[in-house]
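Since every read-out is calculated from the coordinates, none of them should be taken as a lab result. As the structure is a computational prediction, the values presented were derived from the model and not from experiment. In this analysis, Cβ positions are derived from the backbone assuming ideal geometry, glycine residues included, and neighbour counts consider all displayed protein chains.
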Ligand SMILES: [Zn+2]
């Protein structure tokens, strides 16, 4: 499965935080989940993040 570069921002998910992760999907999932766990104490599963990314990708026009 080949996907384009994506971007996740904490602020999009209700965090008062300027963190952004951009890059290939695998990289963003890893970086974002590590960040939310370390900084916000929320452990997003890979599946949950993948769903967020898929929703975001489909909304893009
Ligand atoms: Zn954050």
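Out of the residues in region 32-45 that are more than 11 Å from the ligand (Cβ to nearest atom) and closer than 13 Å to residue 8 by Cβ, state the one that is farthest from the chain's Cα centre (by Cα).
Result: 44.
Within region 3-28, track down each residue that is within 10 Å of the chain's Cα centre (by Cα) and within 15 Å of the ligand (Cβ to nearest atom).
Residues satisfying the conditions are 7, 8, 9, 10, 12, 13, 20, 21, 22, 28.
Against the definition (surrounded by 13 or more Cβ atoms within 10 Å (Cβ to Cβ) and in contact (Cβ under 8 Å) with a residue 40 or more places away in the chain), how does residue 56 come out, yes or no? Full working, then the answer.
On the way: surrounded by 13 or more Cβ atoms within 10 Å (Cβ to Cβ): yes; in contact (Cβ under 8 Å) with a residue 40 or more places away in the chain: yes.
Taking the combined requirement at face value, the residue satisfies it.
Pick from 26, 22, 31: which is in contact with a strand residue (DSSP E or B) (Cβ under 6 Å, 6 or more places away or on another chain) and closer than 16 Å to residue 4 by Cβ? Outline the logic, then answer.
Numbers: 26 fails: in contact with a strand residue (DSSP E or B) (Cβ under 6 Å, 6 or more places away or on another chain); 31 fails: closer than 16 Å to residue 4 by Cβ.
Testing whether each residue is in contact with a strand residue (DSSP E or B) (Cβ under 6 Å, 6 or more places away or on another chain) and closer than 16 Å to residue 4 by Cβ leaves just 22.
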